[in-house]
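Everything below concerns the one structure shown next.
None of the figures in this text is laboratory data; all of them are computed from the coordinates on show. Small disclaimer: the values here were computed from a predicted structure and weren't measured. Every residue, glycine among them, receives a Cβ derived from its backbone with ideal geometry; neighbour counts consider all protein chains shown.
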Amino acid sequence: MLLAAIAFCLAATIPSTALAGAKRDARVAYVLKNLRLKADVQEKFKPLLEAYLKELSDLKDPYKDLKNELQDAIDGNKLTAAQCDQLFEMKQKQEDKEPALNRKWYAKFKTVLTAQQAYKAMKLSDDKLE
């Protein structure tokens, strides 16, 4: 119980950017582990993967921030029509931009990986880790 309270206090004091960075680091480790690349290829690929995940996170952040801001209204089923429209439009804007971002990074991945590895890296990057 005491450990849970300490963990909660620590989590509350860690900035959300640090948590996002930790999640991104875990995702990088997961992708690299499952790709099983040679050390020299992994060294070239890791910065690309980190940059892709950062850009993807930056793309998704406005919707996540808005959703977090409205979480009480969402949980209480008390969203206004304007808030619903705002959430919907923000999500659509994000989803509209994702394919171009993924195409761009898939092409960059293929500069150091085979097409098969690049495809697998994109798929692994999208896996649910929790």
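Using the structure shown, list the pairs from Lys44/Lys91; Lys67/Lys128; Lys78/Lys104; Lys78/Lys120 with a Cα-Cα distance above 31 Å, or answer none. Mind dumping the intermediate values first?
Numbers: Lys44/Lys91 33 Å; Lys67/Lys128 19 Å; Lys78/Lys104 39 Å; Lys78/Lys120 41 Å.
Flagged as over cut-off: Lys44/Lys91; Lys78/Lys104; Lys78/Lys120.
How far is it, in nm, from the label point at Lys108 to the one at Lys93 when both lie 7 Å from their Cα along the line to the Cβ?
2.2 nm
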